[in-house]
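Accompanying notes for the structure given below.
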Amino acid sequence: MNPKKAIVIGSGIGGLAVAIRLAKKGYKVTVLEKNSYGGGKLSEFYLDAFRFDKGPSLFTLPNLIDELTALVEYPKQFNYFKLDTITHYFYEDGTRVNASADISKFAHEIYVKLEEEEVQVYKHLKRSKYYYDTTADLFLTQSLSQIKNFLNLKTFRGIIRAPRLGLTSTMHKKNAATFKNKKTVQLFDRYATYNGSNPYKAPALLNIIPHLEFGQGAFLPQEGMHQITSHLLNLAAFVGVEIQYNATVSEIIIEKDCAIGVKSDDVVFKSDIVISDADIHTIYNRLLPKKYYPRKLLNQEKSSSAYVFYWGIKGSFPALGLHNILFSDNYKREFDCIFNTDKPDVDPTIYINITSKYCKKDAPENSENWFVMVNVPHHQGTVVNYASEVRKNVIAKVNRMLQVDIEKHIVVESKLDPIDIEKQTSSYGGSLYGNSSNNMFSAFLRHANYSSKIKGLYFVGGSVHPGGGIPLCLLSAKIATQLISDKESTYAVI
Ligand SMILES: Cc1cc2nc3c(=O)[nH]c(=O)nc-3n(C[C@H](O)[C@H](O)[C@H](O)COP(=O)(O)OP(=O)(O)OC[C@H]3O[C@@H](n4cnc5c(N)ncnc54)[C@H](O)[C@@H]3O)c2cc1C
């Protein structure tokens with residue numbers, strides 16, 4: 001019997017992971033990718049002798065990559081290491097906090113630098129773990145659209161504990177009630193940005209995120225973030241996935257409410273199932289007939305976008321580590337700008353990522369590769385016209401807070417703005433993580449990993465359940481594969 005055919009639209013992390021899983025299940029998988037390279041947002045590029053990861057820089061839950069490596073019995077391990085210091089925080093008044101991965105050291109640092117009782121840090125991280133243990137199975141590892149998934153014991157336990165899960169308070173309120181120093185509150189509020197949300201609106205349940213760093217660990221692949229993409233590409237090749245680059249899908253072919261293939265450059269690719277890793281806005285606006293348009297799901301508030309400067313820097317800066325944050329002095333105003341206007345604040349929080357601190361090949365000797373990012377609103381169709389203003393504000397803040405004249409050190413430069421992100425990955429408005437998690441129902445208002453109206457059509461990636469970010473995209477692939485196993489009768493289900 002011929003194997004069943006699967007077409008995957010897009011080779012982002014979710015697309016590669018689902019392709020690998022389906023190939024392992026016996027499907028003949030073809031990935032069609034519009035770009036000339038794989039990985040979507042998780043790609044890399046060079047400026048002279050400087051290497052840059054284009055998008056993601058924080059790597060958590062590496063076990064999800066290990067799981068894929070083991071699943072296909074790939075002979076080479078994926079090499080990564082755990083960070084001892086997670087983040088270096090800088091405040092405008094000169095306060096500096098180094099967040100050690102060792103919780104007792106971290107709590108002590110918070111006590112010394114921010115005069116916070118250590119016990120409050122322990123309490124907060126314990127609560128974060130509780131949120132994780134109680135809700136991960138419920139919200140992250142299964143479909144929320146299948147009634148049967150609500151009938152198991154773990155889910156039931158998660159639901160009855162819901163009143164204690166901080167769904168009715170905001171992250172910021174909970175943090176302000178836990179810590180007395182507003183700098184500590186700001187440090188923990190920042191975790192809302194890990195999925196592009198606003199701590200002043202997002203439910204306190206998002207305080208689950210610090211557990212990922214402090215409980216599970218923050219990691220870096222030995223050769224930088226792009227190694228995640230190259231490893232997944234290796235796994236895909238190992239299990240026989242075919243990837244066609246420069247292949248833009250222009251239509252999902254539907255017959256009697258059933259997906260029977262796709263069209264790319266007027267070539268028809270017939271298949272038994274179609275899985276989209278593209279943003280759902282692209283799918284419903286451009287690839288499917290209007291009658292399937294899920295207005296309510298598409299109208300949800302989007303996550304933030306980013307403006308990134310890639311700077312090849314001459315010289316080295318020992319005060320900086322891999323992850324560095326230069327905090328805004330008015331966090332509330334910054335988030336108001338990101339979510340209620342079309343322009344970032346004049347004093348944005350700046351994130352600087354420098355992989356050459358560990359991956360020496362990423363920059364020439366006595367030089368560093370700076371990835372300098374500020375969170376900005378996703379664009380709403382208008383031209384992003386604040387480029388020079390953002391750059392000016394960023395330079396001034398870096399100079400002020402690091403006591404440097406940074407322009408003198410920049411030897412090569414490039415940038416990424418919300419419009420670039422949309423052009424390069426088709427993300428709606430250049431949002432980094434699909435929908436925001438700014439309300440308690442967000443988890444239930446993400447698109448499911450399958451279409452309830454079109455048989456044989458499935459979804460993975462940051463714009464669908466369980467959400468954006470590398471770990472969740474990997475989980476979306478796992479959930480979609482399970483749904484495919486349940487819904488499609490294949491001859492080769494393991
Ligand atoms: C600047 C930035 C910083 C980030 N930081 C982090 C971080 O630190 N940690 C973290 O975990 N996450 C981070 N993220 C988010 C993370 O990168 C994404 O959530 C994740 O990579 C999205 O993967 P995906 O599977 O949704 O696919 P995407 O990366 O969105 O890729 C989709 C792919 O589909 C292709 N495609 C779209 N339409 C078509 C079509 N019609 N035909 C063919 N191909 C098509 C696109 O070309 C693209 O390759 C960041 C993102 C950005 C941009």
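The values are calculated or read from the model by the stated rules, or taken from the named source; none is laboratory data. The structure displayed is predicted, hence computed values, not measured ones. Don't worry about glycine lacking a Cβ; one is built from the backbone with ideal geometry, like all the others, and counts go over all protein chains shown.
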Extreme residue, nearest to the ligand (Cβ to nearest atom), among residues of the stretch 421-461 that are more than 14 Å from Gly196 (Cβ to Cβ) and of a type in the set (Lys, Arg): Lys423
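Does Ile421 fit the bill of being surrounded by 17 or more Cβ atoms within 10 Å (Cβ to Cβ), touching a residue at least 60 places away in the same chain (Cβ under 8 Å), more than 30 Å from Asp486 (Cα to Cα) and not polar (S, T, N, Q)?
Values: surrounded by 17 or more Cβ atoms within 10 Å (Cβ to Cβ): yes; touching a residue at least 60 places away in the same chain (Cβ under 8 Å): yes; more than 30 Å from Asp486 (Cα to Cα): yes; not polar (S, T, N, Q): yes.
So Ile421 fits the description; yes.
Look through the stretch 365-417, keep the residues that are part of a strand (DSSP E or B) and of a type in the set (Phe, Trp, Tyr), and return whichever of them is farthest from the ligand (Cβ to nearest atom). I'd like the intermediate steps shown before the answer.
Looking only at the stretch 365-417, we keep the residues that are part of a strand (DSSP E or B), and these are 367-376, 410-416.
Checking the rest, the ones that are also of a type in the set (Phe, Trp, Tyr) come to 370-371.
Values: Trp370: 14, Phe371: 8 Å.
By that ranking, first place goes to Trp370.
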Residue match in the stretch 184-195 (condition: at pLDDT below 90 and closer than 26 Å to Gly15 by Cβ): no
Conditions (1) crowded, with 18+ Cβ neighbours inside 10 Å; (2) over 23 Å from the mean Cα position of the chain (by Cα); number of the one not met by Lys392: (1)
Selection from the stretch 190-228 of residues that are closer than 21 Å to Ser463 by Cα and among the hydroxyl-bearing types (Ser, Thr, Tyr): Tyr191, Thr193, Tyr194, Ser197
Output for the stretch 233-261, where each listed residue is within 15 Å of the ligand (Cβ to nearest atom) and part of a strand (DSSP E or B): Glu242, Ile243, Gln244, Val249, Ser250, Glu251, Ile252, Ile253, Ala259, Gly261
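Table: residues versus (1) in contact with a Gly (Cβ under 7 Å, 6 or more places away or on another chain); (2) crowded, with 20+ Cβ neighbours inside 10 Å; (3) hydroxyl-bearing (Ser, Thr, Tyr).
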| residue | (1), (2), (3) |
| --- | --- |
| Ser356 | no, yes, yes |
| Asn369 | yes, yes, no |
| Lys408 | no, no, no |
| Ser452 | no, no, yes |
Matching residues in the stretch 336-366 - criterion: being farther than 19 Å from Ile86 by Cα and of a type in the set (Ser, Thr, Tyr): Thr341
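Using the structure shown, decide if Lys357 is modelled with pLDDT under 95 and under 22 Å from Arg190 (Cβ atoms).
Details: modelled with pLDDT under 95: no; under 22 Å from Arg190 (Cβ atoms): yes.
Against the criterion (modelled with pLDDT under 95 and under 22 Å from Arg190 (Cβ atoms)), Lys357 does not qualify.
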